[in-house]
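The block underneath contains the structure these notes are about, expressed in C-alpha cells.
The values are calculated or read from the model by the stated rules, or taken from the named source; none is laboratory data. Note that the structure is a prediction, hence the values are computed from the model and not measured. Ideal geometry is used to build each Cβ from the backbone, glycine not excepted, and the neighbour counts take in all protein chains shown. In case anyone asks, the SASA skips ligands and DNA or RNA and just uses the protein heavy atoms, side chains included. Shrake-Rupley method; radii C 1.70, N 1.55, O 1.52, S 1.80 Å.
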Amino acid sequence: MVRPSPAAAKTERLLNLVIALLYTRQPMSKSRIRTAVPQYAESTDEAFDRMFERDKDELRLLGIPLRTEVVDPLFDDETGYRIDRREYSLPEIAFEPDELAVIGVASRAWSQASLAGPAAQALRKLESTGLTRDESSVAGIEPLLHTNEPAFEAARAAVLASREVSFSYRRGTAGSPAQRHLQPWALTSWHGRWYLTGHDLDRDAPRVFRLDRIDGDLKITGRPGAYQVPKDHDPRAMITTADEQPGERSARVAVRPGAGHRVRRRGQVLDERGPQGWDVVELEMGAPWPLIEEIAGLGPDAVALAPEELVTGVRRSLEAVAAAHRGTVG
C-alpha cells in the first residue's frame, strides 16, 4: 500500500476538516469533529489534540473564517466550531486572460485529482454521524469534468506558453479538413465541450475552434511568448457568439405538444404539421453546435427537420450517447 506524502496527507486532512465544518449549520463539538475526519479518528488522544490545534491555526492563516461557539445555548460548558458560509463565500471575481486559461485547465484535474475521492468519502462519513446536511454549502465539491480530446494537452501547453500552433480542422459535420494556424488565447469548457479561442493567422481575425473537430495532432510551431493575449478577451462570450452573423440560415424543428418551450420562444410555430402531428418551429440557426446540443438534449420530444447539417449533427449526437450507454452496460 502506497502512503501519501506528509504534505498530501495534511492537505487531505485540512480539506476533510473544512468540508466537515461547512457541512452543518450548527457548531460541531471537538469529539464530533474527531469522529467525522478520518485522520483524527485514527490517531491517539494526544496526537489528535496536537493536530487539531495546528489545523485550526492553519485554517485561520489561510483566511478561512473559523468560528468558536457554544454547542448548546443552554449549556456553555461545551465549545463547538463552524465555518460561516457568508464570510467564506467569495464575491464576484474578474480574471485576466492568462488566469482564465489556467483556471480552465485546472478545472479538468478535479475528476482525476487525488483529493476528489477523499472529499466524497468525507461527505459519506458525515452523513453517517447524523448531522443535518446544508446542501448549498458543498455543491460542486467534486466536479466531474473529463476530456478525451487528443489535442487537449498540446493545446493546454500552447495556451500557457503563448505559442503558435497548427492543426487540421473539420468545419461542421461535413466537408474536408483544412489546415489552420492559430495564436491560441484560451482553452475553455462550455456545455460539456472544450473550445480553443485565439487569433487565426490565415484569416487575420479572432476565431473559435472545437477541440473534438481537430483531426490528428495539434502541433506547436512558435516560440514561447511570441504574442500577447488581448486584455479584454472574454472566451465565453467569444464562444457563444462565434459564427453568428445576420442573415444566417433558418432551422426547422418538430417538437412534441407541450415540450420544447425554449425552442418555441426563440422561433415561430408554423402552420404545417410535423411527424405525428407535432408542431413545426422555425428559428434562426446561428452557430450550428449549440442548437444541435439543444435539440439532442430534448431526446424523444424533438426532431430536427432542416437544414441537413442540423439533422446530421443531432443524429450523430444521439448515436454517440447511445454508444456510450451501451459501453457502460454490464
| Fully extended contour minus Cα-Cα distance, from GLN228 to LEU270, at 0.36 nm per residue | 10.2 nm
| Which order do LYS231, LYS219, LYS30 take when ranked by solvent-accessible area (1.4 Å probe, heavy atoms of all protein chains), largest first? | LYS231, LYS219, LYS30
| request: Could you tell me the largest-minus-smallest coordinate of the C-alpha atoms of region 150-220 on each of the three principal axes, in descending order and whole angstroms? | output: 32, 28, 21
| task | Any chance you could look up the accessible area of ARG54 with a 1.4 Å probe, heavy atoms only, rounded to 10 Å²? | result | 130 Å²
| remark: From most to least accessible, 1.4 Å probe, no ligand or DNA/RNA atoms counted, LEU62, LEU196, LEU270 line up as LEU62, LEU270, LEU196
| query | If amide H atoms are built 1.01 Å from N in the plane of the peptide, which residues on other chains or at least 5 residues away come under 5 Å of the amide H of TRP190? | reply | TYR195
| remark: If R0 = 25 Å, then SER250 and ARG203, at their Cβ-Cβ distance, give a FRET efficiency to the nearest 0.05 of 0.45
| Rank HIS261, HIS181 by accessible area, highest first, at a 1.4 Å probe radius? | HIS261, HIS181
| message | Using protein chains only and a probe of 1.4 angstrom, how many square angstrom of ASP72 are accessible, to the nearest 10? | response | 60 Å²
| For LYS10 and GLU46, FRET efficiency with R0 = 22 Å and r from the beta-carbon atoms, rounded to 0.05? | 0.75
